[in-house]
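One structure below.
A short reminder: the numbers here are calculations on the coordinates, not readings from a lab. Because the structure is a prediction, the values reported are computed rather than measured. Cβ atoms come from the backbone with ideal geometry, glycine included; neighbour counts cover every protein chain shown.
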Amino acid sequence: MALRKRGKAGFWHAYFDTIRETEDGPRTVRTTINLGTTDKKAARALEAELMRKNRETIQRRRVQQLLDADGNSSEFPNNSIPARVHRKRRLLVAGALEAAEKHREIGESQKKIWRKFVRECKIKYMDQLTKEAAFDYLEEHCPGESGKRFNNVRSALHTVYKMTLMESGLAESPFEKIPQRRLCSRHQRPFTEKEFTRIYKAAPQPWKIASLIAWHTGMREKDIFVARWDNITGDVLETVPSKTKRFGRGVQIPLHPQIMEKLQTIPRVNERILGAWPYNPNDIKFRRAFGDILDSVGIKDDARGIVNFNSFRNSLITSCDEHDVPRHATKGIVGQRSDRMTDLYSHDLESARKIQQLPYVDLGETEENA
């Protein structure tokens, strides 16, 4: 549609073309409407109203064709137009993750949450999920007082929906208006050195060496088990933590002499540092192994916080603070960006080397060199 001024009076006219089927084939027909005003601003408002009515007419015809094809009534109640007509091609819930990753890489934890949603949701297409059903799903699968799980699941599902709005034909994600919950869960507490000694003495391999690496580096469990020998250059381990892989945020971790000594005692079977032992995070026995070690030595949650493998990260940060390691260096080692979690993200290797000067940890008098 276009606007033109015509005639001596200078009235604005709206022009728009339509395609009509004739005996000789499709034909373009131009329609001219005198808007009856010389004010350009008013003419544009009238033009917009004509365009809106034109779109409604086209939509009405398309819907009518669909209803006629299905043998339904040829009239709409109260002369109303349906709010939205499903497109012939609709995005399957099962294919949404692939569609989302065309726009941005999705984290592994978010993928896991989405795959569970695909298995347990009762819809086939993305546009079938209502806001009420989205909230009910979160309520059912994230029970309890802790808001962390609720917020993580909501964020993961909202991310996939937000990345596929165009493919789904949606105006907004059904998770958009669901508020996050207040976090009231307890965080990890650090292990004391005496607790670490008990863990190390009781742990079988590969948890023995994995615990020592975590104590001196703050690395997460998965990052330790997938770390490769070629990640180590001299006495520095360079890696991209799995949790921040999609951001390309790598870290340089100077290895403590105690780690370097222990690495000389373990066999080299493949490219992984801990390749001599199987790594299967999906195996329930593997996932429970470290918790069983803590139970065996009587290390439990208390008023200071919960204990799990991530407690080693808290232990390193606590030790660095006690021995005056610069905070920006600590953040660079553990891969965090803000003081709230550990304002600069740093690869200051010289400052980070101060962790190599941290004291040796007591491994116990009867430690095994396995």
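For the reader, a short list of remarks on this structure follows.
- Spherically averaged projected area of the convex hull of Cα atoms, the stretch 150-286: 11.9 nm².
- Pairwise FRET efficiency - Asn280 versus Arg149, Cβ, R0 = 22 Å, nearest 0.05: 0.40
- Inter-label distance for Tyr15 and Arg104, nm, one decimal - labels placed 7 Å from Cα along Cα-to-Cβ: 4.4
- Per DSSP, loop chymotrypsin sites (Phe, Trp or Tyr not before Pro) in the stretch 136-227 with at most 14 further Cβ within 10 Å: none
- Relative compactness, the stretch 93-168, computed as alpha-carbon Rg over 2.2 N^0.38 Å: 1.04
- Remark: spin-label model distance Lys177-Asp295 equals 4.5 nm, labels positioned 7 Å along the Cα→Cβ axis.
- Hz values of 3J(HN,Hα) by residue in the stretch 105-118 - Karplus curve (6.51, -1.76, 1.60), Gly and Pro given as x: 5, 9, x, 4, 5, 5, 4, 4, 5, 5, 4, 5, 4, 4
- Scalar couplings 3J(HN,Hα) for the stretch 314-329, obtained by applying the Karplus form with A = 6.51, B = -1.76, C = 1.60 to θ = phi - 60°, are 5, 5, 5, 4, 4, 5, 5, 5, 5, 10, 6, 6, x, 4, 5, 6 Hz; x denotes Gly and Pro.
- Long-range HN-HN contacts of Ile306 with modeled amide H, under 5 Å: His187, Gln188, Arg189
- Qualifying lysines (Cα of each under 19 Å from Cα of Lys354; at least 8 residues distant if same chain): Lys331
- The distance between label points at Phe135 and Met166 comes to 3.1 nm (points 7 Å beyond Cα on the Cα→Cβ vector).
- Count Lys and Arg as plus one, Asp and Glu as minus one, and take only other residues whose Cβ is under 14 Å from that of Asp283; the net charge is then +2.
- Phi-derived couplings, Karplus 6.51 cos²θ - 1.76 cosθ + 1.60 at θ = phi - 60°, listed residue by residue for the stretch 280-289: 9, x, 8, 6, 4, 5, 5, 5, 9, 4 Hz, with x used for Gly and Pro.
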